[in-house]
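Working notes, beginning with the structure itself.
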Amino acid sequence: MSTPRSSPLPPSPSAASAPSTSRTSAEGPDGTGAPTRVVVIEDEPTITRAIADRLAAEGWQVSTALDGPSGVRTVARERPDVVVLDVMLPGFDGLEVCRRIQADVPVPVLMLTARDDETDMLVGLGVGADDYMTKPFSMRELVARLKALLRRVRRAPSPAEEQSATTVLTLGDLVIDRGSRRVTRAGELAHLTPTEYDLLLCLAQTPGTVLTREQLLADVWDWIDATGTRTVDSHVKALRRKLGADLVRTVHGVGYALETPDDADEDAPA
């Protein structure tokens, strides 16, 4: 018996069978007119169909998979612009899926989790996820977060733009090379996710200045509302884990500031 390329969804009332991919002509994130491609990897068929239908209504090309192994194969085949990935999957879990797809070709990943557990969130960010949502969630917010991820990809500077600017930002022993998007501290390379890098750069452009969570959501995630502040907190914790707890200072009730490494000893983070 041959193995299907990805797990099919249960049939809808209006069709004998539902394809695993919905194709439309909506313009993709690169502005070329190609449709935005998204892969949804979720083992609950009802949730999978609801997400797929909502994203297809946005004009996106949607492919689906119901387990870890088929999810990795689907991403490798479809080369999507963004991935929606559940943490709990049969075969192997979403964390392993994320590790494997990011090791192939990095792609923005939004993870779904049934538990509002900060440890799970930090682990997800550590393996390359860019954002997360806990179940239950609203489809409106899911779409908004995916569009924010795609806007960040689209607004990334071109190589020519990077070369025309000062590409290396040095703050004490912290070095941010904007041309290569590489970050080192005390000569050690830090492996940051795209969102972690963008958050660090946002803070580093005005060192010592306190930025509110709302400002960071707007500047890094392109969210114009004030929801999702825990996302900022979790990404800051991930930065501290990778670059040192002394680097980002918490101002309680306000937000965060990047301390220059030479001065950060005086201000331990909360």
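The values are calculated or read from the model by the stated rules, or taken from the named source; none is laboratory data. Treat the numbers as computed from the prediction; the structure is a model and nothing was measured. Cβ: placed from backbone, ideal geometry, glycine included. Neighbour counts: every protein chain shown. Just the protein is used for accessible areas: all its heavy atoms, side chains included, with ligands, DNA and RNA removed. Shrake-Rupley method; radii C 1.70, N 1.55, O 1.52, S 1.80 Å.
For the reader, a short list of remarks on this structure follows.
- Whenever a residue of the range 73-91 is touching a residue at least 60 places away in the same chain (Cβ under 8 Å), its partners that are in a helix (DSSP H, G or I) and open to solvent by 30 Å² or more (accessible area, probe 1.4 Å), lying with C-beta atoms within less than 9 angstrom and at least six residues away or across chains, give the pairs Asp81/Val153; Val82/Val153.
- Hits in the range 105-140 - residues which are assigned to a helix (DSSP H, G or I) and either crowded, with 18+ Cβ neighbours inside 10 Å or at pLDDT below 80 (or both): Glu118, Thr119, Asp120, Met121, Leu122, Val123, Gly124, Leu125, Gly126
- On inspection, Leu146 qualifies as within 18 Å of the chain's Cα centre (by Cα) and at pLDDT 90 or above.
- Counting only residues that are farther than 22 Å from Ala148 by Cβ and assigned to a helix (DSSP H, G or I), the range 66-96 holds 11 of them.
- Candidates Gly172, Gly228 - the one that is open to solvent by less than 70 Å² (accessible area, probe 1.4 Å), modelled with pLDDT under 85, on the phi > 0 side of the Ramachandran plot and in contact with a helix residue (DSSP H, G or I) (Cβ under 9 Å, 6 or more places away or on another chain): Gly228
- When each of Thr206, Thr184, Thr167, Thr193 is tested for being under 19 Å from the mean Cα position of the chain (by Cα) and either modelled with pLDDT under 85 or open to solvent by less than 70 Å² (accessible area, probe 1.4 Å) (or both), the lone residue that passes is Thr193.
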